[in-house]
1. Exactly one of these conditions fails for K472: (1) within 30 Å of S404 (Cα to Cα); (2) assigned by TED's automatic domain parsing to the domain that holds Q577; (3) free of Cβ contacts under 8 Å to residues at least 60 places away in the same chain. Give me its number.
2. Is it the case that the range 225-233 has a residue that's touching a His at 6+ places or on another chain (Cβ under 7 Å) and either modelled with pLDDT under 90 or not assigned by TED's automatic domain parsing to the domain that holds S58 (or both)?
3. The conditions are (1) closer than 17 Å to Q176 by Cα; (2) in contact (Cβ under 8 Å) with a residue 40 or more places away in the chain, and P282 fails exactly one of them. Which is it?
4. Kindly indicate which of Y158, Y139, Y149 is in the same structural domain as N204 (by TED's automatic domain parsing), more than 51 Å from the chain's Cα centre (by Cα) and in contact (Cβ under 8 Å) with a residue 24 or more places away in the chain.
5. Being in the same structural domain as S150 (by TED's automatic domain parsing), at pLDDT below 95 and touching a helix residue (DSSP H, G or I) at 6+ places or on another chain (Cβ under 9 Å): is that true of T119 here?
6. Which one of these does V461 not meet: (1) buried (at least 23 other Cβ atoms within 10 Å of the Cβ); (2) not acidic (D, E); (3) not in a loop (DSSP other than H, G, I, E, B)?
7. So which residues in the range 581-627 are modelled with pLDDT of 95 or more and either of a type in the set (G, A, S) or not assigned by TED's automatic domain parsing to the domain that holds S526 (or both)?
Amino acid sequence: MVSTTTVIMIALVFLIGIAASNDSQTQALKGCRSSCGDIQIPYPFGVGNSVNTGKNCSLSRKFNLVCKNSNLYRGSIPIIAINITKGQVDMVIPISKTCYVKNYGHTITVGNEPWLRSTYTISSADNKFISVGCDTYGYLNSFFDGATYSTGCLTRCYRESTMITDGKCSGIGCCQVDIPAGMRNNTVQAFSFENFNRSLGFNNCSYAFVAKNGNYTFSRDHLENLPYERMAVVFDWSVGNETCEDSFKSKTNVCKGNSNCEKSETGNGYLCKCKEGYEGNPYHPIGCIDMDECKIGKHDCISEGNCINTIGSYKCFCPKGQTGNGTKEQGPCRHQNLLPKVVIGTSAGSIALVVATSLFILTHHKRKHIQLKEKFFKQNGGLMLLQQLSSREESSSVTQIFTSQELRKATNNYDENLILGRGGYGTVFKGYLDDNRVVAVKKSRIVDQSQTEQFINEVIVLSQINHRNIVKLLGCCLEEEVPLLVYEFVNNGTLFDFIHNQNNAKNLLTWKTRLRIAAEAASALSYLHSAASIPIIHRDVKSANILLDDTLTAKVSDFGASRLVPLDQEALATMVQGTIGYLDPEYMQTSQLTEKSDVYSFGVVLVELLTSEKPLSFDRTEEKRSLALYFLSYLKEDRLLEILQVDLLSEENMQEIEEVAILAAKCLRLNGDERPSMKEVAMELEGLRLMQRHPWINENKNLEETHYLLSKSSSKTYELGDSSCHRNDGYDTFSDQVLISFDDGR
């Protein structure tokens, strides 16, 4: 029995054969003229209405044609060829000329009227603009988008000139130029420079015209009389006024089956082209039909007998029992040699054995790798974390456990080009998750196995922190030898870079911005100390750990050294950790970590914002090496103005800067008990910002009252040009401070 598939294939080949045998029927719509004289009329062009349906035979008005006496016209312009593959039509266009009439003593001009008021465009690649004459210049004008565009050329000569040569249109007697793209709605104009110098005698006319490439050859005789009244010109056309994408969206695209939509080179509309392996009319409802490459010779097989046509393509083959693929590239088909089959069979068996052995080894290594990941997961407290998450439903929604494979893929296997920074506690990589989130992956250097429970508790607590000025901990990975933490990515660098990178134009932070950043960072630290479920001491507060986003919003980051404070304790005995220049002297001496240690470090950050100086610099003199001590000594000596960043102080912000300087001094007190809490610091900074946003708050209040509300201190006065600024004496314990030497510390 013949299968259903075979019957379908036979029917399809039969239909394709019928369509190919009468190609003219697939060019015009049913019931419409397919030709006029010797010229084929393919759709979307058409003449009149269909005798079957009564509908217009063309796609739109611009494709309407007229057939008179076996001649095809577009309006009054004769058409001699239509090409739907290239989107072109050849028309015969009148020549423009102006001539001197001897008997009447004046000139007459013909052929200057517009050709086609339509979207047809002169093909710049297939035509030339030509002027002929010895006293001549010609223009090709184009009118569209409410403007006129012109091109042209000129020619001057004398009869006796030997430079006038038959067959050469080089600028003497005949000139030609290329035509710019996009010229449509055209006219051609011919002119004489001197209204035909009668002394020439032989040349009384000037000619200007567009001619299809290769259709015009200049002759000296043409100076006396050009024997042509019209010239063939190639025009480009396109369908519609939309791009391919827009036409598909609006469902107006006219490209039919097995065709592609392509952008028109005219810059307006689009064209339809048959796909490779298909031929026919892509605009016709039947669409493009399969091309039999085997029969028409469009194949690279050895012969037609070695070619099988397929839908949209073909295949080459060698007869059964012969080797080769049947293409000309590999030469004739050859009878098979059985020896290679034996060799191939033996080789295949060997290869199969090697593959099986390799698969076994790979499977073994994979199993070991899985076991190692499970070991690290348990070793790093994974089971403890899962137990915590199962008992805290709210945590499971915010704490994500990432696999090592996810993070290796996100960081391109920890590519060094993705490193965001290195610190004492690890390296931070930029990562791209599958859900398009950009994250920062922190890979720790070492992990203390005795602190596993502490680490898991910190992950749980930190992941629940939800504060706009704290970098969000998204989750962790415990399948590596050392745990990895995944944070939200903040893409605008650190506050340290903005303040100290002189090559960065962004370092010019205004005072208003600096005050806002300080208030936001203080708010974050205050939240950690007093609003988190378990108080958290950051332990490494510094400008390098304050990130800035695109809007310069502060984000406190890097909790690698942070410690959780049990609710029944106020201090922790720990090994001293932190960054020289920011470290609390009291913590260094006693190893007792309290929240006031963070306050001291934040005081150093405030001084950085005021001075734009680094906390510790061996480029400065010994007495100025420590910024905190340097700042306090200048403040004590009433020399605040000398240490402030140049151009930071103005009459509008002098009081705010004084208040922040006094607040910084309070934070830098040696005795931690005398320092304000982070909550008090945050409230005071936010109060300053409130007065900055609403200056009317401070109206009708004397300065002493304001100082009392902000710091409960007396005031002194600094002279600033012709203005004065007040500051608060908030550093009454400075006289008792001990200067700490950093000669050997880095």
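The values are calculated or read from the model by the stated rules, or taken from the named source; none is laboratory data. What you see is a predicted model; the values in this text were computed from it and never measured. Positions of Cβ are generated from backbone atoms using ideal geometry, with glycine treated the same way; all protein chains shown enter the neighbour counts.
1. (2)
2. no
3. Among (1) closer than 17 Å to Q176 by Cα; (2) in contact (Cβ under 8 Å) with a residue 40 or more places away in the chain, P282 violates only (1).
4. On the way: Y139 fails: more than 51 Å from the chain's Cα centre (by Cα); Y149 fails: more than 51 Å from the chain's Cα centre (by Cα).
None of the other options fit; the residue is Y158.
5. For T119, the condition - in the same structural domain as S150 (by TED's automatic domain parsing), at pLDDT below 95 and touching a helix residue (DSSP H, G or I) at 6+ places or on another chain (Cβ under 9 Å) - is met.
6. (1)
7. Those that are modelled with pLDDT of 95 or more and either of a type in the set (G, A, S) or not assigned by TED's automatic domain parsing to the domain that holds S526 (or both): S601, G603.
One line per residue, one yes/no per condition, for (1) modelled with pLDDT under 90; (2) out of contact with any His (no Cβ under 8 Å at 6 or more places or on another chain); (3) in a strand (DSSP E or B):
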residue: S124; (1), (2), (3): no, yes, no
residue: C153; (1), (2), (3): no, yes, yes
residue: M163; (1), (2), (3): yes, yes, no
residue: S170; (1), (2), (3): yes, yes, no
residue: C175; (1), (2), (3): no, yes, yes
residue: N197; (1), (2), (3): yes, yes, no
residue: L200; (1), (2), (3): yes, yes, no
